[in-house]
Amino acid sequence: NAGVMQNPRHLVRRRGQEARLRCSPMKGHSHVYWYRQLPEEGLKFMVYLQKENIIDESGMPKERFSAEFPKEGPSILRIQQVVRGDSAAYFCASSPTMRDGIETQYFGPGTRLLVL
Amino acid sequence: RKEVEQDPGPFNVPEGATVAFNCTYSNSASQSFFWYRQDCRKEPKLLMSVYSSGNEDGRFTAQLNRASQYISLLIRDSKLSDSATYLCVVNFGNEKLTFGTGTRLTIIP
């Protein structure tokens, strides 16, 4: 019973390159969330997706960042033209379909992005 | 004012002692509350949900005070393996989690 899977676990990019981070939710989970943790800071919400829909992207920077969760395949967080300030740990979480209340979110191991 | 505030610590506590953390949140309409733990360079892992009536899981007890808008976590008979950062987490009803910056705990042998 695999948990949330993320790859790559570590990613090194030079300034100006693109970073693609992948997240496969737990089996049976249809909700995906992305969070970013800057060094020595707490996790900050970025975006909430369901299959083929962005539900809430209020935490996404206005430029260079995009996310998708296609019908088939993992969710992708894409960062174009990376800058040093993008260096952080990016965590994906998933939860099952909401029923009566708010479901617990389970986190993947994260992708640590380092921009040189 | 931060939406979720915690004392960052560090708390250095001898093994076997009892330790308590508090957390305050700003939005009185908050719907659900959690404690997560995060080990160094790892993902957050759910420790326990926090209910209005208070709840206990082994050596861990969580309390919620809605009137004062604070949440607490009590760890009894602390073990070396309890060393971690403890994250207070609130869902304000919009399905995204808001995290405190965490309280760092080190259990000393």
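Quick notes on this one:
- About the Cα centre, charge dipole magnitude for the protein assembly as shown (Lys/Arg +1, Asp/Glu -1 at Cβ), debye: 760 debye
- Most tightly packed first, judged by the mean number of other beta-carbon atoms within 10 Å of their residues, the peptides B:45-51, A:49-55, B:82-88 read B:82-88, B:45-51, A:49-55.
- Percentage relative contact order, chain A, counting C-alpha pairs under 8 Å, at least six apart: 36 percent
- Pairwise FRET efficiency - A:SER30 versus B:GLU15, Cβ, R0 = 35 Å, nearest 0.05: 0.25
- Evaluated with a Cβ-only charge set (Lys, Arg +1; Asp, Glu -1), the range B:26-89 carries a dipole of roughly 100 debye about its Cα centre, given to the nearest 20.
- Inter-chain Cβ neighbour average for residues A:33-45, partner chain, 10 Å: 4
- For the range B:79-109, the list of trypsin sites (Lys or Arg not before Pro) that fall in a loop by DSSP and count at most 14 other C-beta atoms within 10 angstrom reads B:LYS79.
- The distance separating the Cα centre of the range B:1-65 from that of the range A:6-49 comes to 24 Å.
Laboratory data are not the source of any read-out in this text; all were calculated from the coordinates shown. This is a predicted model, so every value here is computed, not measured. Glycine also receives a Cβ, built like all others from the backbone with ideal geometry; neighbour counts cover every protein chain displayed.
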